[in-house]
1. For LEU131, what is the net charge nearby, where nearby means another residue's Cβ is under 13 Å from its Cβ and Lys, Arg count +1, Asp, Glu -1?
2. More than 20 angstrom separation, counting every C-alpha pair in the stretch 1-111; what % is that?
3. What is the distance in Å between the Cα centres of the stretch 162-186 and the stretch 1-59?
4. Only Cα pairs within less than 10 Å get springs; with that Gaussian network setup on the chain, which residue of LEU122, LEU71, LEU33 has the largest fluctuation?
5. Give me the dipole magnitude in Debye, nearest 20, for the chain about the Cα centre, with unit charges on the beta carbon: positive for Lys and Arg, negative for Asp and Glu.
6. Rounded, prolate or oblate: which fits the stretch 33-85, taking a ≥ b ≥ c as square roots of the Cα gyration tensor eigenvalues, rounded meaning a/c under 1.5, else prolate when a/b beats b/c?
7. Which is the longest stretch in the chain that no exposed loop site breaks, taking sites as GluC sites (Glu not before Pro) with a DSSP loop state and at most 15 other Cβ atoms within 10 Å?
8. Name the residue farthest towards the positive end of the dipole of the stretch 1-141 from the options LEU120, GLY70, GLY80, assuming +1 on Cβ of Lys and Arg, -1 on Cβ of Asp and Glu, about the Cα centre.
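Since every read-out is calculated from the coordinates, none of them should be taken as a lab result. In this text, all values refer to a predicted model and were calculated from it rather than measured experimentally. Reconstructed Cβ throughout: ideal geometry from the backbone, glycine too, with neighbour counts over all protein chains shown.
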Amino acid sequence: PLYHLWDHRIEREGREIRVRIYTPPKVADGRLLLFFHGGGWVLENIDTYNSICRSLARYTGCRVASVEYGLAPEHLFPVGLEDCYAAAREVYLHPEDFGVQSHEITLIGDSAGGNLALVLCLRLKAAGRRLPRALVLMSPWTDMTMSGPSYAQRAEIDPMLTPDYIRAVRLAYAGGHDLRSPDLSP
């Protein structure tokens with residue numbers, strides 16, 4: 001059970017970005033986990049990650065803000081990244097609307113969301129902006145070139161994440177962009 005659950009909406013380029021806020025029964029003062037879901041930039045959303053975000057809120061005592069960014073192939077790179085940046089900007093500029101303090105924001109992401117969280121943190125650093133309190137990356141996708149040995153090793157462990165599947169997801173999200181770009185391969 002949560003004390004409060006609500007959806008905040010952010011306007012960006014004629015679309016709404018939904019950010020779901022989870023408030024646990026006992027709140028750690030001013031802390032927020034800004035969460036970006038996984039799914040290879042083509043699957044999943046804040047509804048499919050609902051139980052994970054509820055658990056995060058309950059067990060950490062922090063508010064959780066889960067961002068629903070635009071998915072490929074309808075929204076090619078960098079739309080999803082820019083959606084996440086817009087959500088982070090909203091939270092950082094208006095922390096009182098979320099019941100948090102801007103110096104108590106942690107970026108957290110799973111898989112593709114780990115990539116987005118890391119890229120956002122690097123962008124904040126490059127712009128000389130306030131950095132998050134912490135950065136939590138759960139199996140982040142950090143190398144879109146697929147040049148490391150882990151891609152071949154992973155194919156033997158997980159039959160769902162085959163190299164062909166990963167290449168298809170990568171193409172759906174990145175299109176023809178340079179895969180070595182730090183916004184794709186941080």
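1. On the way: positive: ARG123, LYS125, ARG129, ARG130, ARG133; negative: GLU104.
Taking every Cβ under 13 Å from that of LEU131, the sum is +4.
2. Everything past 20 Å amounts to 35 percent.
3. When both Cα centres are located, 26 Å separates them.
4. Of LEU122, LEU71, LEU33, the Gaussian network model singles out LEU122 as fluctuating most.
5. Computed about the Cα centre, the dipole is about 540 debye.
6. Details: a/c = 3.80, a/b = 2.01, b/c = 1.89.
Prolate, because a/c is 1.5 or more and a/b exceeds b/c.
7. In short, 75-186.
8. About the Cα centre, the residue reaching furthest to the positive side is LEU120.
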